[in-house]
1. Have a look at segment 1-154 and give its Rg and Dmax from the Cα atoms, expressed in angstrom.
2. Based on the inverse mean of 1/r over its pairs of different Cα atoms, what is the Kirkwood hydrodynamic radius of the chain, in Å?
3. Per DSSP H run of at least 4 residues, take -39500 (n - 2.57); add these up for the chain, divide by its residues and hand me the 222 nm value, nearest 500 deg cm²/dmol.
4. Measuring from label point to label point, each 7 Å out along Cα→Cβ, what is the GLN106 to VAL143 span in nm?
5. Over the Cα atoms of segment 222-296, what Rg and Dmax result, in angstrom?
6. Would you please put 61-71, 234-244, 96-106, 284-294 in order of how densely packed they are, using the mean number of other Cβ atoms within 10 angstrom per residue and starting with the highest?
7. Sort 19-26, 2-9 by the packing proxy (mean of other Cβ within 10 Å over each peptide's residues), most packed first.
8. What FRET efficiency comes out for the pair ALA58/ARG34, r = Cβ-Cβ distance, R0 = 22 Å, nearest 0.05?
Amino acid sequence: MSKILITGGTGLIGRHAAKLLCERGHAVRILSRRSAPDVPLLRGLPIEYVQGDVREPASLRPAFNGCDAAVLSHQFQNFPVENPKRNETFDAVDRAGTEHCVAAAQSAGLQRLVYISGIALSNPNPPHPGIRAKLAAERAVFVGGISAVALRVNVVYAADDKYFPRLARAARWSPFVPIPGSGASRCAPVHVDDVAHAIAHAVEHTAIHGVINVCGPDEVTWKELILAVAQTGAARRRIPLHIPAALLFLAGWIGERLPTPPLSRDAVVFATQFDQSCRSGTGCVEAFGFRPVGLREGLRKAFGADCR
Ligand SMILES: NC(=O)c1ccc[n+]([C@@H]2O[C@H](COP(=O)([O-])OP(=O)(O)OC[C@H]3O[C@@H](n4cnc5c(N)ncnc54)[C@H](OP(=O)(O)O)[C@@H]3O)[C@@H](O)[C@H]2O)c1
């Protein structure tokens with residue numbers, strides 16, 4: 001049994017990892033910007049919350065002290081729409097925040113780091129600030145002198161994520177399903193339970209090092225994924241309604257000029273143009289010896305209905 005700190009432990013991936021690590025007998029501590037977060041999935045579990053912010057190094061010391069390992073799973077609020085005025089950016093939170101966490105882990109003498117990264121990093125030399133930040137964060141984790149794994153996680157879906165359940169609910173009432181851009185980018189969606197299992201394996205098997213993909217076994221386009229999720233909540237076949245990329249970029253350009261941006265051009269690129277194919281396999285089988293659930297079974301598990 002280890003004492004494990006989870007940054008982003010109140011978020012989607014972090015809270016599922018926290019629950020599983022608790023169930024496996026580890027002592028779990030969560031870093032949150034809030035003093036007493038209420039996370040329904042974690043109610044009743046013996047989890048310790050420590051207030052802190054990855055942008056403020058001094059706030060991290062009490063969180064890392066006394067821990068054996070850390071899972072770094074933070075991302076800025078309203079991701080992937082940056083808000084530079086509030087310092088909610090890829091660079092401030094993903095890159096610098098992770099560098100601060102590595103420094104705090106070094107001074108607290110942690111023995112293991114698991115960084116939650118993204119699969120889109122396999123895109124060749126992209127200029128996007130999100131990819132630059134994640135690559136810099138991965139570098140920081142690996143040069144810190146602590147045994148480390150970066151899990152490059154594909155698109156995650158779950159009954160309690162921010163996007164797909166809303167889409168499934170909306171599709172019960174509307175025959176039309178909005179598809180950002182052409183929807184032709186590819187991904188290999190993975191159920192959140194499989195991501196949590198990958199994290200638990202990565203924490204516990206300290207002989208495993210380096211970058212590991214965490215992908216589902218079925219590769220689809222974004223359009224196929226969105227329609228499959230929409231179909232889980234709908235009796236009749238849903239009709240795709242493409243939102244032209246040019247219109248999305250115009251909305252992003254306008255959004256960036258508002259005090260609290262609802263959309264940005266970088267967020268549009270993030271949502272429409274990244275290839276998230278998992279050509280080298282799911283990663284979980286090769287590195288951890290378990291097979292993630294297929295998309296059909298996973299959607300049934302997440303949304304409780306068959307995907308037609
Ligand atoms: N979800 C996906 O499909 C997906 C796919 C691939 C990779 N990833 C990566 O996985 C990681 C986790 O993603 P997620 O979807 O689980 O995130 P999420 O649900 O959006 O949660 C974000 C978490 O970050 C914390 N946070 C935000 N700003 C912070 C700050 N300044 N200091 C400390 N904590 C802060 C929040 O905690 P409080 O609000 O409690 O402070 C929250 O727990 C990210 O690195 C993301 O890029 C996600």
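The numbers here are math on the coordinates, done by the rules we state, and not lab data. This is a predicted model, so every value here is computed, not measured. Cβ placement follows ideal geometry from the backbone for every residue including glycine, while neighbour counts extend to all protein chains displayed.
1. So, for segment 1-154, Rg and Dmax equal 14.6, 45 Å respectively.
2. Details: mean 1/r = 0.0504 Å⁻¹.
Result for the chain stands at 19.8 Å.
3. Details: 11 runs with 111 residues, N = 308.
Value at 222 nm, helices only, nearest 500: -10500 deg cm²/dmol.
4. 1.0
5. 17.3, 48
6. Details: 61-71: 20.8, 234-244: 13.1, 96-106: 22.5, 284-294: 16.5.
Listed from highest to lowest mean packing, they are 96-106, 61-71, 284-294, 234-244.
7. Details: 19-26: 16.5, 2-9: 25.4.
The packing order, highest mean first, is 2-9, 19-26.
8. That gives a FRET efficiency of 0.80.
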